[in-house]
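Worksheet: one structure, shown below.
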Amino acid sequence: MGRVIRATFVFSRAPAVPVAIALIVGVVLGKHVPALPWLWCGVGAVALFAGALVLHRAWTCSSILLIATLCCAIASTQLMAYFYPRDHITHYASDAPRLCQLRLYLPNEPRLRTMTFGQRFPIPPRQVTLARVKQLLTWNGWRDASGDVLVQIREPNPQLAAGQTVQIVGMLERPGVAMNPGQFDWQRYYRDKGVLCSVQIVHAANVTILDDSPAPWLTRLRESARDALTEGFSPEHSLDHALLGALVLGDYDPELRDVNEQFQKTGTSHHLAISGMHIAVVGGVVFLFLRLIRFGPRFCWVATMLVIALYGLIATPSPPVLRSVILFLVIGFAFLGSRFSKLVQLLAMTVALMLATHPLDLFNAGFQLSFITVLGLILFGEKASVRFVNEIDVMRPSEQELMPRPTRVMKWIDRRVVLTLSAGMIAWLVSMPLVALHFSRLNPWAVVASIALAPFVVVALCLGVAKIVLTWLIPSLGVPLASAAGAASGWMRGVVDWLAKFPAGDVPLTAPTLLMIALCWVAIALVVVRWRYPSVRLASWVLLVFAFGYMLIGPYVFGSSHTLKSGQTRVTLMAVGAGQCALIEPAGGRVVLMDCGSNSLSDLNSNVVVPVLRELGHTSIDTIFISHANTDHYSGVTEIADAYGVREVIVGDGFPASARETSTGVALLRDLESINLPPRIAHPGDQIPLGRDISIRVLWPAHDTGFEANDTSLVTQLRVGERSVLFTGDIQADGMKALLDQNDELKSDILVAMHHGSSEEITPRFVDRVAPTWIVSSNDRTLTGKQVRFDQMMAGRNLMRTDKCGAITLLLDADGSVKVQSFLKSAKQPG
């Protein structure tokens with residue numbers, strides 16, 4: 001019977017591999033086949049019963065069992081993605097905020113999100129946590145409810161702690177979708193985690209603690225580890241502490257925004273996420289220490305596995321952490337059972353375990369990158385390393401023994417360097433297509449940067465783990481250990497800062513197709529194989545260069561969805577909430593930002609502007625126009641100007657005087673002076689060329705109008721051949737009246753609505769003079785009374801707002817055609 005069962009899998013040497021493949025295919029199909037999970041469960045059960053009937057026929061049985069696995073994966077994916085209990089909180093939520101009263105259980109201590117490090121116009125701090133819904137107040141009283149919600153409290157309550165049951169009053173809604181090209185989709189991110197709703201709590205008084213029971217032991221353990229890591233760090237070294245928290249425990253702190261951006265630019269962000277390298281370093285150090293004090297191998301393996309399991313418990317749960325811990329434990333059990341299998345088999349077992357418990361993790365970028373990189377190193381790393389070492393080391397072992405000792409040492413170092421570089425290159429090549437797919441960026445220095453940073457990461461990681469353990473054991477060591485770990489963290493930041501200065505370190509990419517990704521991986525496999533014929537080897541290298549070259553530059557040479565044709569100009573009015581930012585891109589001309597500000601986004605540039613620029617393939621900006629001195633139009637200007645090499649900043653007459661009336665305006669002028677970009681004042685009649693037959697003409701304000709800041713907004717007209725777009729800033733009644741009296745060239749095809757689409761008595765007359773075919777407006781998700789009246793005034797015209805459409809794209813062709821598109825496909829199109 002044992003032989004029969006062993007024969008049921010065709011891949012008898014690695015049975016987990018086909019199982020993992022079946023699970024992956026099933027999870028992918030679960031998002032595309034009809035959502036009938038019970039039907040798929042039934043098919044899987046029938047297949048399982050059929051497989052049991054043909055155990056004696058290996059091929060047939062194996063195929064049927066894999067079909068059963070695939071059907072179960074489809075059912076599991078659909079149940080997790082689409083089906084929720086009737087009392088789930090999502091049934092009471094909508095896209096619009098709703099006032100609600102909830103009773104929640106706090107499994108984790110709320111985290112305090114402070115201002116972003118280095119942010120010039122910060123949003124006040126708030127508390128954030130994931131909570132479990134217990135009850136909901138309805139017209140019929142309190143009713144039991146289920147599900148997790150994201151809780152955000154604008155006034156932090158220091159009394160909140162893990163284990164409490166609280167009653168809250170807040171606004172219940174569903175997390176918003178990505179509104180701009182390249183923007184992170186938080187709705188999809190939380191949906192994959194089973195979180196479909198969020199609650200906004202305005203005042204701390206709206207949170208009442210009902211039960212103050214102790215937190216679960218696992219939560220207390222995690223908080224104890226974080227307290228031990230924090231002990232001894234002064235406020236002046238909070239950045240070093242935050243970096244250690246990310247490196248050692250996987251915690252993210254908004255203070256790390258600038259540092260994290262540098263890690264991403266240098267292609268070393270994987271060092272900040274707990275991965276297989278972190279687990280291997282911790283496990284290796286523990287194992288080596290135990291061996292040095294004369295413990296046996298089996299005892300060392302058991303002790304190291306316990307330490308890694310504990311480390312996995314206290315770290316922030318994520319796919320890379322779970323994958324690394326599970327893989328380490330699987331290897332450990334294989335060693336203890338004297339059944340050490342191939343690494344591919346162990347990796348497949350890890351994939352199968354993770355997808356069986358949470359199939360939606362397959363769509364997580366971190367999950368894909370971690371497994372594909374490890375698989376690439378397993379399949380190609382050793383072959384590539386041996387091949388390159390053999391090519392540089394052609395001497396026989398007997399000849400090497402006759403060499404002087406210093407020469408042998410240098411040979412040994414050379415081999416290790418080649419092994420490291422080849423492994424790094426394989427990891428970089430394998431992961432590059434997925435990096436381009438998920439992040440639309442690439443750093444060509446990533447291999448060198450990762451290797452250069454690795455020693456500092458290892459030292460900081462070991463000191464951080466040692467600080468937690470030793471502070472638990474001897475609390476008095478907290479301060480000296482903090483100094484040592486903080487110094488290592490500082491060295492790491494210094495190296496990353498140096499690496500970030502390398503030229504061409506952040507190349508924007510267009511997301512490749514799945515076929516292109518597969519071609520790149522096939523090309524890597526063909527190059528690694530040691531072909532017998534030179535012509536075949538040459539062809540494999542040609543294919544590799546073609547595949548990766550096309551992925552990198554093909555979209556820009558042959559065109560993509562974001563590539564502009566000759567004579568085209570694209571205007572992207574970004575969805576930034578209460579603010580305005582428009583990107584103007586003439587084909588082959590000067591890239592311009594028209595305003596860059598928001599009062600509702602805590603980090604406008606990182607959340608919106610930078611992802612849009614990267615998605616559209618821009619690493620530099622020529623000019624920024626600031627319409628007027630309100631923060632919702634300039635809060636992100638200085639950071640973008642500094643990071644993207646802006647050549648000039650243009651403002652209207654009266655801007656400097658208005659800016660000096662507020663502290664944020666004074667800070668803006670000072671920051672622009674510090675980067676040698678004092679604003680240049682433009683006057684009516686000035687014309688700024690952007691390309692052939694493309695220019696921006698200044699229409700307003702006239703000198704010394706005496707109006708308030710809004711009515712002195714810079715009004716400009718973008719002209720593309722015979723077509724035009726009118727940007728009106730925040731002008732109100734006085735500004736519109738003055739323009740009607742003084743200017744006869746207001747007629748434009750597209751009007752960017754005045755003051756975020758707000759109404760004045762003179763608004764209909766002004767719009768009639770402009771006579772636009774389309775009106776577009778940048779505004780917050782909740783309209784004011786004036787904005788509602790504007791919509792009523794514009795009844796019968798094509799009006800698009802960013803709160804409903806997301807980013808709005810205007811395409812103007814030299815032949816006179818005009819297209820208006822919304823980023824959200826579900827939005828109603830004009831016309």
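The values are calculated or read from the model by the stated rules, or taken from the named source; none is laboratory data. In this text the structure is predicted, and so the values were computed from the model without any measurement. Counting neighbours? That spans all protein chains shown, and the Cβs are built from the backbone with ideal geometry, glycine included. Ligands, DNA and RNA are excluded from the accessible area calculation, which covers all protein heavy atoms including side chains. Shrake-Rupley method; radii C 1.70, N 1.55, O 1.52, S 1.80 Å.
The set of residues in the stretch 685-706 being open to solvent by 20 Å² or more (accessible area, probe 1.4 Å), more than 24 Å from residue 591 (Cβ to Cβ), touching a residue at least 40 places away in the same chain (Cβ under 8 Å) and not aliphatic (A, V, I, L, M) consists of 703, 704, 705. The test for being open to solvent by 40 Å² or more (accessible area, probe 1.4 Å) and either at pLDDT below 90 or not β-branched (Val, Ile, Thr) (or both) holds for residue 212.
The rows are residues; the columns are (1) closer than 26 Å to residue 570 by Cβ; (2) touching a strand residue (DSSP E or B) at 6+ places or on another chain (Cβ under 7 Å); (3) modelled with pLDDT under 95.
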site	(1), (2), (3)
702	no, no, yes
706	no, no, yes
716	yes, yes, no
722	yes, no, yes
726	yes, yes, no
730	yes, no, no
744	no, no, yes
749	yes, yes, no
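Just one of the listed residues (263, 328) is closer than 20 Å to residue 459 by Cβ and touching a residue at least 12 places away in the same chain (Cβ under 8 Å), namely 263.
Which residues, taken from the stretch 160-178, are more than 28 Å from residue 209 (Cα to Cα), hydrophobic (A, V, I, L, M, F, W, C) and open to solvent by 40 Å² or more (accessible area, probe 1.4 Å)?
Result: 177, single match.
Being under 27 Å from the mean Cα position of the chain (by Cα) and either under 22 Å from residue 282 (Cα atoms) or open to solvent by 20 Å² or more (accessible area, probe 1.4 Å) (or both), is that true of even one residue in the stretch 332-341? Checked against the condition, which is being under 27 Å from the mean Cα position of the chain (by Cα) and either under 22 Å from residue 282 (Cα atoms) or open to solvent by 20 Å² or more (accessible area, probe 1.4 Å) (or both), the stretch 332-341 yields no hits at all. Applying the condition of being surrounded by fewer than 19 Cβ atoms within 10 Å (Cβ to Cβ) and not small (Gly, Ala, Ser) to the stretch 308-325 and asking which residue is farthest from the chain's Cα centre (by Cα) yields 310. The set of residues in the stretch 63-98 that are part of a helix (DSSP H, G or I) and farther than 30 Å from residue 24 by Cβ comprises 89, 91, 92.
Screening the stretch 494-517 for residues that are part of a helix (DSSP H, G or I) and over 18 Å from residue 428 (Cβ atoms) and picking the one that is least open to solvent (accessible area, probe 1.4 Å) gives 495.
Scanning the stretch 99-110 turns up one or more residues that are assigned to a strand (DSSP E or B), exposed (fewer than 15 other Cβ atoms within 10 Å of the Cβ) and not charged (D, E, K, R). What number of residues in the stretch 243-268 are hydroxyl-bearing (Ser, Thr, Tyr) and modelled with pLDDT under 80? Final tally of qualifying residues: 1.
Restrict the check to the stretch 71-83 and report whether at least one residue is open to solvent by 20 Å² or more (accessible area, probe 1.4 Å), more than 30 Å from the chain's Cα centre (by Cα) and under 19 Å from residue 356 (Cα atoms). Checked the stretch 71-83: at least one residue is open to solvent by 20 Å² or more (accessible area, probe 1.4 Å), more than 30 Å from the chain's Cα centre (by Cα) and under 19 Å from residue 356 (Cα atoms). On the stretch given as the stretch 773-786, residues that are open to solvent by 10 Å² or more (accessible area, probe 1.4 Å) and either of a type in the set (Val, Ile, Thr) or within 23 Å of residue 571 (Cα to Cα) (or both) total 6.
So, restricting to helices (runs of 4 or more DSSP H) that lie completely within the stretch 554-666, which ones have at least 1 residues that are open to solvent by 10 Å² or more (accessible area, probe 1.4 Å) and basic (Lys, Arg)?
It comes to 610-615.
Just checking, does the stretch 804-821 include any residue being touching a strand residue (DSSP E or B) at 6+ places or on another chain (Cβ under 9 Å) and part of a helix (DSSP H, G or I)? There is at least one residue in the stretch 804-821 that is touching a strand residue (DSSP E or B) at 6+ places or on another chain (Cβ under 9 Å) and part of a helix (DSSP H, G or I). Annotation for the stretch 222-242: at least one member residue is within 20 Å of the chain's Cα centre (by Cα) and buried (at least 16 other Cβ atoms within 10 Å of the Cβ). Exactly one residue out of 790, 766 is of a type in the set (Phe, Trp, Tyr) and buried (at least 24 other Cβ atoms within 10 Å of the Cβ): that is 790.
Only residues that are surrounded by fewer than 18 Cβ atoms within 10 Å (Cβ to Cβ) and either out of contact with any Pro (no Cβ under 8 Å at 6 or more places or on another chain) or touching a residue at least 60 places away in the same chain (Cβ under 8 Å) (or both) were counted in the stretch 793-802, giving 2. When residue 725 is tested against (1) hydrophobic (A, V, I, L, M, F, W, C); (2) outside any helix (DSSP H, G or I); (3) crowded, with 23+ Cβ neighbours inside 10 Å; (4) in contact with a helix residue (DSSP H, G or I) (Cβ under 8 Å, 6 or more places away or on another chain), exactly one condition is not met: (4).
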